[in-house]
Amino acid sequence: MNRRNFLHKSFCVSAGMLTLPMYAGAYRFDMSKDLIIGHNTHQYKVDLNWGNLNASEVPVKDCHEIIQDSKGRIVLLTNHIKNNIIIYDKSGKLLDTWGTTYPGAHGLTLAVENGEDFLFITDYERHQVIKTTIDGKVVLTVDYPTDSGKYKTKEEYKPTETTVLENGDFYVADGYGNQFISHYNHKGELLNVFGGRGTGNDQFLNAHGICVDQRDKENPVLLITAREQNVLKRFSLAGEYLSSIEVPGALICRPVIHKEEIYFAVLKSKGSTHDASGFLLIMNDKNEVVSCPGATKPVYENNQLSELYQSIKLFQHPHDVCIDEDDNIYVAQWNSGQTYPIKLTRV
């Protein structure tokens, strides 16, 4: 069964629950028309056909992350070693593929240096971070941080994400390993390590994603997801814990900042009885949740966000989002039956 037919049947099964009062206004649902999801000012039309390719020629396995490069192209990371990188134009047309040596390809971050695009790829099976040109030439490989004293073997190091500062410094989140955040200079020399596994404010259970938040130009901070704890944590660039933002029920992947807002793929709903229960989550400039495409409407009671959960069977383990200059969202999914990205067009 192809993705479109599978999702059509899922929508029909789900339609009944959309008639319940608690979902009133959350979705305009009519299979003869466009499916619109989301809340408040952030609503989107679903495109299930965007980016679909011939799987025998350009296969995907887990579509872990997706970004837009300086030319406006959409770059998808998959851990299928026939083509780890798939490059589309914004219409979903295939432009290029490369990469056969990244079996644990997980994190994908764009860095622009002197007008040239570079990619930072984390590979948890290789236990490395690899910096490449946009067409795949390796320019830097970073192994596990032996000098930190936090790792006995490379197998303890399973990096999931990076973020890059304007001066070339970068941070690596070891979300599947010992849960430390490592800070490097542009040469790949270790500067600092903080975090680690635990439930303290400055610790993590699944430090899955990281990004630098420069919305306040005078006070840039790091945003790091503690996915299993349903928490987004804020740290100084020196690694000092600042505060936490709770998102009850949402196993959030990496934060993606677009304009003044933060976007997340939510792998699944914490209390769901099935794993394929993910959705998207959008925060405004005050770090308040304003829309959850595919999930219940965000509601605050006494300044506390009510628990969120999937309300329509659309997404299967969404793992990352990319937002283009028109505010459209491209959604990459892990463990989703080898499906290509879904596009959401802002309405």
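The values are calculated or read from the model by the stated rules, or taken from the named source; none is laboratory data. Remember, it's a predicted structure, so these values are computed and weren't measured experimentally. Cβ: placed from backbone, ideal geometry, glycine included. Neighbour counts: every protein chain shown.
Which ones in segment 163-175 are assigned to a loop (DSSP other than H, G, I, E, B) and either of a type in the set (K, R) or under 15 Å from E189 (Cβ atoms) (or both)?
Let us first name the residues in segment 163-175 that are assigned to a loop (DSSP other than H, G, I, E, B), namely 165-169, 174-175.
Residues satisfying the conditions are L165, N167, G168, D169.
Just so you know, in segment 226-246 the residues that are more than 16 Å from V164 (Cα to Cα) and touching a Pro at 6+ places or on another chain (Cβ under 9 Å) include one that is surrounded by the fewest Cβ atoms within 10 Å (Cβ to Cβ), and it is N230.
State which residue pairs qualify: first residue in contact (Cβ under 8 Å) with a residue 60 or more places away in the chain and inside segment 324-336, second residue among the basic types (K, R) and assigned to a strand (DSSP E or B) in any location, beta carbons under 6 Å apart, and separation of 6 or more residues or different chains. Correct list of pairs: D327/R346; N328/R346; Y330/K343. Of the residues making up segment 163-192, those that are in contact with a His (Cβ under 6 Å, 6 or more places away or on another chain), farther than 24 Å from P103 by Cα and either surrounded by 21 or more Cβ atoms within 10 Å (Cβ to Cβ) or aliphatic (A, V, I, L, M) (or both) number 1. Within segment 141-157, residues that are under 10 Å from N178 (Cβ atoms) and of a type outside the set (A, V, I, L, M, F, W, C) have Cβ atoms under 9 Å from residues that are modelled with pLDDT of 95 or more and assigned to a helix (DSSP H, G or I) in these pairs: Y144/K154; Y144/E155; Y144/E156; K150/E156, counting only partners at least 6 apart in sequence or on another chain. Whenever a residue of segment 72-86 is under 11 Å from A332 (Cα atoms), its partners that are charged (D, E, K, R) and crowded, with 24+ Cβ neighbours inside 10 Å, lying with C-beta atoms within less than 7 angstrom and at least six residues away or across chains, give the pairs L77/E65.
Within segment 246-265, residues that are on the phi > 0 side of the Ramachandran plot sit with their Cβ atoms under 9 Å from residues that are of a type in the set (D, E, K, R) and surrounded by fewer than 23 Cβ atoms within 10 Å (Cβ to Cβ), at 6+ positions apart or across chains, in these pairs: G249/K270; G249/E307; K259/R215; K259/D285; K259/D327.
Given L76, L110, L140, L119, which one is within 19 Å of the chain's Cα centre (by Cα), surrounded by fewer than 18 Cβ atoms within 10 Å (Cβ to Cβ) and in a strand (DSSP E or B)?
On the way: L76 fails: surrounded by fewer than 18 Cβ atoms within 10 Å (Cβ to Cβ); L140 fails: within 19 Å of the chain's Cα centre (by Cα); L119 fails: surrounded by fewer than 18 Cβ atoms within 10 Å (Cβ to Cβ).
Among L76, L110, L140, L119, only L110 is within 19 Å of the chain's Cα centre (by Cα), surrounded by fewer than 18 Cβ atoms within 10 Å (Cβ to Cβ) and in a strand (DSSP E or B).
Output the residues belonging to segment 151-162 that are assigned to a loop (DSSP other than H, G, I, E, B), surrounded by fewer than 21 Cβ atoms within 10 Å (Cβ to Cβ) and among the basic types (K, R). Listed by number, the list holds a single entry, K152. Consider segment 261-318 and keep the residues that are among the aliphatic types (A, V, I, L, M), under 15 Å from G249 (Cβ atoms) and in a loop (DSSP other than H, G, I, E, B). The one that is nearest to the chain's Cα centre (by Cα) is L308.
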